[in-house]
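Accompanying notes for the structure given below.
The values are calculated or read from the model by the stated rules, or taken from the named source; none is laboratory data. Everything numeric here is computed off the predicted structure, so don't read it as measured data. No Cβ is skipped: glycine too gets one built from the backbone with ideal geometry, and neighbour counts run over all protein chains shown. Surface accessibility is based on the protein's heavy atoms, side chains included, excluding ligands, DNA and RNA. Shrake-Rupley method; radii C 1.70, N 1.55, O 1.52, S 1.80 Å.
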Amino acid sequence: MASFCPECKSTDIKLFEEYQRYSCNNCGYGWDVKKEKADKLRIFLSYGHDANEELVRMIKADLEKRGHDVWFDKNDIKYGDDWRRMITEGIISSNRVLSFLSKHSTRDPGVCLDEIAIAIGVKGGNIQTVLTESEAEVKSPASISHLQWLDMHDWKERQAEGEASWKQWYDEKLAEIVRVIESKESRCFAGEIETLSKHLKPISSDSRVAQLLSKGFVGREWLSDEVEQWRIQSDRSSRLFWIMGAPGVGKSAFAAHLTHFGRDKIIAAQFCEWDKPDHRNAARVFRSLAFQLASRLPDYRKLLLTLPEIDQLDGKNVAEIFDYLFASPLQHTIDGGQQRYLILIDALDEAAEGEQNPLVETLARHAPQLPEWLGMLITSRPESSVSSPLQGLNPYVLDTGTEENKDDIRFYLYQELNSLLNKRNDANEIVEQILEKSEGVFLYVERVCDDLIKGNLSLDKLDKFPKGLGGIFRQFFDRQFKDLKQFRSNIRPALRTIIAAPEPLPVDILKDLLGWEEEELFDVLRMFGSVFPIIEEKGRKLIKPYHKSLIDWLTDQKAADHYYIDVNKGHKLLADKGLKELKKSIETLDIYFIKWLPTHLLKTEQWDEVVDVLCNLDFFQAKATVKLKYELVDDINKALEVIPDNKEERDGEEKRHERMEKYTNDLIACAMGEITRFELQVPVSITPWTEEQINAEIERIKNNPNRADKLKDFRNFLWQEAD
């Protein structure tokens, strides 16, 4: 049954049943009943289970009266069904999505927001919206803020005015819904999107975005502000905003949040994934981005559909595809002073193909050809395959050490661990300790919070907190070192020394130690990527693990598996190298070995050598020259703690200390009335040596001193001459 005039949209119409014809009392237009019926559509209804369900059911019934097939969760999801899968299939199989916006339905997180995201991703944005509550109460998702909704927020008040008034108002609103859903424009949009989908073969990043959003998101307002300031600035000569940061700092989480909630700005987005060939293939990425742009820009969509070779894209290379789909057609779109839209590409480094990254290289060469109203927002790790082609740009470095980043992590910790922290007096201290261990890496904090909530960790045992991002590291090593034979022969020896080094290892020492040529060194350093970044201090290039947990993972045989690194072999390499250089010339001994040679010797239990080095006056002079003379005393003390010659004295001292500590604790407990008698007798006092024993020991040290004797004697000398 018709509810409005197709000519003037008036609801004042009359049906002449004997003629099977309608007539409009407002404009006089007439039409046959058979012509009034629309093609059958499958319509997905997205709504919140709240007080507005009554209105949703009314509209559902009237759409079905018009012959449409309406997907409604309470009818289409049966007991025992996987509701997430059923909702996704319902959206995919529908021709239209009608979303009813209320305070409840637009809450975050919420199923309706997910339904909207799927509809935008899968249906190319073919979605209509109905406002069922006041705009002041509804938090409209940014992903559909560019769409115009039908305002029915006062439907309850209208209903209360009486049947006649309600029916007129409702029929007018229903007519508008029907007009939009059944319109030629809407049908045309669906057909055009289907055609482009067949030619462009887009790939979806919805699962990746959903995975990232499921972890929750906090902070980063400061980063959003930076992006927005760049986006709206009057000078649009810069086409690309590059966010660079180490693994785990939250680049992808930020990108996912911006993609999901910033569709008014982000007009297309793609998330590269190294283990999914299609998601890192440059040609597929550009085709997918073009499809998303076409779903948002009608004039661009029309231009793509007129391209004579739109069905022959498979035969074009990456540069040709970019030019054919972006550079050329976008120059013919109308600017009209519109706001600047952004294309987002996350994890550019994961698009690498061996040592090349076609996606980055194409962007570096051709991004300047994009119109000024279209910018690009990219994220990546500081990999050379990205930084080299884009070296002319000034990346925004997501620094883990900034106070803004630390504040975000603090907020996240308080939010996630609220139930565990709210009754503790030391909550602030706990948060700061976890923050310190995280080194500003969000991924570490997420893992710690998850383990705490599951009971795998305890806030009372912070010293036992994990220091690993094992999954991230395994993923990186699988990607970078597919040839295990090459890894074992070339990479593992280098990693042994890098990990054994107590501070960032000078690159020139690594090169000299392994006998590499400059080209070999460069090849290996490229493969190390961002997990072993090259830094520069005082004009010297150094290499270091980006996070302490990486060392823990690599030196854990069970966790690292075939990537396991025996750090003792690294200590041996460095110790032998240092000894060789010391014997050659103390004057040319590298400052690294001046600082750390004793440590490497102790780790490898080269007792004679460590004593020789620590008691070497020339070595002491070298230490003093670089202002490390007190560190030499510390080295001697560390040696005395582990050297076998001093074991008997150490054991005796340890036992005496334990007995005295026990005696002291018993005294305190007795004074407090906790015990009535001592469990141990008063510790035996140390018996003074006789003169005969003293003389005998002096003679032994003179004639046959052990290694501990030499160290103690030299330490006494140093203390006497320290000034």
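How high is the relative contact order of the range 41-100, in percent, counting Cα pairs under 8 Å that sit 6 or more residues apart?
Details: 60 pairs, mean separation 36.5, N = 60.
Relative contact order comes out at 61 percent.
Per residue, the range 496-580 exposes 48 Å² of solvent-accessible protein surface, assessed with a 1.4 angstrom probe and all protein chains in place.
Counting only protein heavy atoms and a probe of 1.4 Å, the accessible surface of the range 596-702 is 53% carbon and sulfur. For the range 244-299 and the range 602-634, what is the separation of their C-alpha centers, rounded to whole Å? Computed from Cα coordinates, the inter-centre distance equals 55 Å.
Under 8 Å for C-alpha pairs, at least 6 residues apart: give me the relative contact order for the range 242-316, rounded to a whole percent. Write down the numbers at each step before the final one.
Details: 33 pairs, mean separation 12.2, N = 75.
In percent, rounded to a whole number, it is 16.
Based on protein heavy atoms only, the range 582-723 ends up with 70 Å² per residue of surface accessible to a 1.4 Å probe.
With protein chains left intact and a 1.4 Å probe, residues in the range 248-311 average 30 Å² of accessible area per residue.
Averaging sequence separations of C-alpha pairs under 8 Å and six or more residues apart, then dividing by the length of the range 475-557, give the relative contact order as a whole percent. Show your work: numbers first, answer last.
Working: 61 pairs, mean separation 23.9, N = 83.
Relative contact order of the range 475-557: 29 percent.
A protection proxy built from the mean count of other Cβ atoms within 10 Å ranks the segments 58-69, 380-391, most packed first, as 380-391, 58-69. Using a probe radius of 1.4 angstrom, the carbon and sulfur fraction of the accessible surface of the range 219-346 is 49%. From most to least packed by mean Cβ count within 10 Å, the peptides 503-516, 411-424, 237-250 give 237-250, 503-516, 411-424.
Per-residue counts of other Cβ atoms within 10 Å, averaged by peptide: what ranking do you get for 303-313, 282-292, highest first?
On the way: 303-313: 13.6, 282-292: 23.5.
Most protected by this proxy first, the peptides run 282-292, 303-313.
Between Thr129 and Ser99, Leu150, the built amide H atoms are under 5 Å apart, and every one of these is 5 or more places off in sequence or on another chain.
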